[in-house]
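Bear in mind that the values in this text are calculations on the coordinates, not laboratory data. As the structure is a prediction and not an experimental result, all values here were calculated from the model. Here the Cβ is made from the backbone with ideal geometry for all residues, glycine too, and neighbour counts use every protein chain on show.
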Ligand code: C2G
């Protein structure tokens with residue numbers, strides 16, 4: 001449990017890069033928050049993105065974190081340094097529910113021994129890649 005979580009609160013955790021923040025990001029965070037009383041968000045570091053996608057995000061990790069932390073539905077943020085540490089983060093934050101978009105469907109089922117695992121439908125027709133492409137045109 002982190003220092004700010006109160007006993008009896010239902011803690012929801014989710015993870016993401018949230019680069020070039022858009023309405024799909026906002027909607028999944030708002031829906032994730034509705035699964036409990038407290039939403040904690042792991043922001044993928046720039047290095048994790050370089051390892052995963054071979055390029056850094058458009059926005060620096062400190063800016064991505066600042067944007068997500070400012071949202072009304074978000075209670076706390078931290079950096080996600082590695083995908084393999086997810087179980088550790090769930091335990092450290094005493095999360096009751098892990099929420100992810102369904103592009104990750106089935107990928108985190110192993111964590112169901114630590115918390116409830118929920119996949120939510122992605123918002124159609126928007127992604128960071130599409131926004132970048134549109135700006136380029
Ligand atoms: N998302 C969504 N609808 C979209 C786009 C994204 O619901 N149109 C969701 C994704 O499913 C994800 C969250 O928004 O749950 C963050 O998306 P990304 O920033 O693309 O996150 P990603 O790079 O997939 O990082 O440990 C997991 C990773 O850190 C997730």
_Please verify whether residue 132 is assigned to a helix (DSSP H, G or I) and in contact with a helix residue (DSSP H, G or I) (Cβ under 9 Å, 6 or more places away or on another chain), treating the condition exactly as stated._
no
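Results for (1) over 13 Å from the mean Cα position of the chain (by Cα); (2) more than 15 Å from residue 13 (Cα to Cα); (3) surrounded by fewer than 19 Cβ atoms within 10 Å (Cβ to Cβ), shown as yes or no for each residue.
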{"residue": "26", "(1), (2), (3)": "no, no, yes"}
{"residue": "43", "(1), (2), (3)": "no, no, no"}
{"residue": "51", "(1), (2), (3)": "yes, yes, yes"}
{"residue": "70", "(1), (2), (3)": "yes, yes, yes"}
{"residue": "74", "(1), (2), (3)": "no, no, no"}
{"residue": "83", "(1), (2), (3)": "no, no, yes"}
{"residue": "97", "(1), (2), (3)": "no, no, yes"}
{"residue": "112", "(1), (2), (3)": "yes, no, yes"}
{"residue": "132", "(1), (2), (3)": "yes, yes, yes"}
*Any idea how many residues of segment 114-128 are surrounded by 11 or more Cβ atoms within 10 Å (Cβ to Cβ) and closer than 24 Å to residue 64 by Cα?*
9
*Total residues in segment 127-137, condition touching a residue at least 40 places away in the same chain (Cβ under 8 Å) and more than 7 Å from the ligand (Cβ to nearest atom)*: 2
_Residues located in segment 1-39, provided they are in a strand (DSSP E or B) and either closer than 18 Å to residue 87 by Cα or in contact with a helix residue (DSSP H, G or I) (Cβ under 7 Å, 6 or more places away or on another chain) (or both)_ = 11, 12, 13, 14, 15, 16, 39
*Please specify each residue of segment 28-41 satisfying the condition of being in contact with a strand residue (DSSP E or B) (Cβ under 8 Å, 6 or more places away or on another chain) and either touching a residue at least 40 places away in the same chain (Cβ under 8 Å) or surrounded by 18 or more Cβ atoms within 10 Å (Cβ to Cβ) (or both).*
28, 29, 31, 32, 33, 35, 36, 38, 39, 40, 41
_Tabulated pairs, segment 3-17, first in contact (Cβ under 8 Å) with a residue 60 or more places away in the chain, second near the ligand (Cβ under 6 Å from one of its atoms), C-beta under 6 angstrom, 6+ apart or interchain_ = 15/80; 17/44
